[in-house]
Amino acid sequence: MIQHTGLTDTYELSYYQRNSRETISLRKGDNDNLIKINADGTESALDRYEGPAISTAPIPCENYNDLKNKAADAPLLSWNKLFHESYDVMEGFYAGEKTIEDVTAYIKKTCSFSTATKTGITKALSTVYEHMSRANAQNAAEKNAREAEKLFTETGLRSDVGDYYGNLKGTMYYNADYYYAYKEMQTVFKDTLNELADSYGASRPDYDAVDNSKTFIDGGITYNGVWNQKTINTYRGLDDSGVIDNSFVPSGSFLFCEARVELREKNDLDTVKAAITKYVNENIRKNTGNNRSSLVMELQKNSLYNNDLREGKGRIHQYLEANNIPIKNTADRNWIMDYFGMVML
């Protein structure tokens, strides 16, 4: 985005570069060339423009006609800008760099209308909700995945996380904290957008309809939908129907993980279990209070890569089933690596 700064022939250029939004100041030179104004006030010639890297925001599923219709319905919203900025805002929130107040301020700044019809305002608010929800779900699920990486590396269960070819492969990890963080932020979105709709005398968005939209192909805009898609991408052997129902509501203390791990050099698995339990209690479930459930855990070596060896995995899944936890599509899959599974209800 290029904006005039108020100074003669001076402009600010905002663009996306390596996962973040950057801004530089430019001045029109005597020969109609562009000159960059540096932070210290000095100037340097801008010889060429190198295209920025694309945003880390996941790619949406939209065709030209959909975009054209949206532009006609909500002319005050720039779809592409909203797609990237909403992701950056929520990425900052989950990184602890932005507050809830910062998020609501961004929404209110984005939803500032002067000449739009009430119908157009409702459609625009719906679009903002859809993009903010996508960004919320993606970043909450990503935070969940990064927590799994840290669990593996801190306890010595895996050493290949961070490796492009091994990163979280053969892994399922679900911490209900991130489901509820997503839900809490969804409430913030709705309260803010309802306030805006009421202030303009427009109808509130149909949030249920937007939640069920098919705009985005990477899991939609719900936490469970995005978690399913990320898990399908990292856990070999799953189909596109996912692992959990999109309507799944976990208990507040729910924690589930199963993964391919490295137990070859570990001779005392009871010591490993104790270390994992200590790590979970001190770093992951430290705020659940005195009613914290105990961990049910399985560790199983499979040094010979026996395709028929899956007893530990079976016990974890039987425990889930006995407690009405709807994990799908995994019970019949052979496990040919060292196995780690844990559940806390």
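The values are calculated or read from the model by the stated rules, or taken from the named source; none is laboratory data. Keep in mind it's a predicted model, so treat the numbers as computed, not measured. Cβ coordinates were reconstructed from backbone atoms using ideal geometry, including for glycine residues, and neighbour counts include every protein chain displayed.
Condition (residue is assigned by TED's automatic domain parsing to the domain that holds N139 and surrounded by fewer than 16 Cβ atoms within 10 Å (Cβ to Cβ)) applied to segment 221-232: is it met by at least one residue? Taking every residue of segment 221-232 in turn, none turns out to be assigned by TED's automatic domain parsing to the domain that holds N139 and surrounded by fewer than 16 Cβ atoms within 10 Å (Cβ to Cβ). Annotation note: of K286, K328, the sole residue that is in a loop (DSSP other than H, G, I, E, B), among the charged types (D, E, K, R), over 17 Å from E258 (Cα atoms) and modelled with pLDDT under 80 is K286.
Conditions (1) surrounded by fewer than 15 Cβ atoms within 10 Å (Cβ to Cβ); (2) modelled with pLDDT of 90 or more; (3) part of a helix (DSSP H, G or I); (4) β-branched (V, I, T), marked per residue:
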{"site": "V128", "(1), (2), (3), (4)": "no, yes, yes, yes"}
{"site": "R134", "(1), (2), (3), (4)": "no, yes, yes, no"}
{"site": "A145", "(1), (2), (3), (4)": "no, yes, yes, no"}
{"site": "A148", "(1), (2), (3), (4)": "no, yes, yes, no"}
{"site": "V161", "(1), (2), (3), (4)": "no, no, no, yes"}
{"site": "Y178", "(1), (2), (3), (4)": "no, yes, yes, no"}
{"site": "T187", "(1), (2), (3), (4)": "yes, yes, yes, yes"}
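Beta carbons closer than 9 Å, at least 6 apart along the sequence or on distinct chains, pair a first residue in segment 216-227 that is in contact (Cβ under 8 Å) with a residue 60 or more places away in the chain and within 16 Å of Q186 (Cα to Cα) with a second that is of a type in the set (S, T, Y) and in a loop (DSSP other than H, G, I, E, B) for G220/S213; I221/S213; I221/T215.
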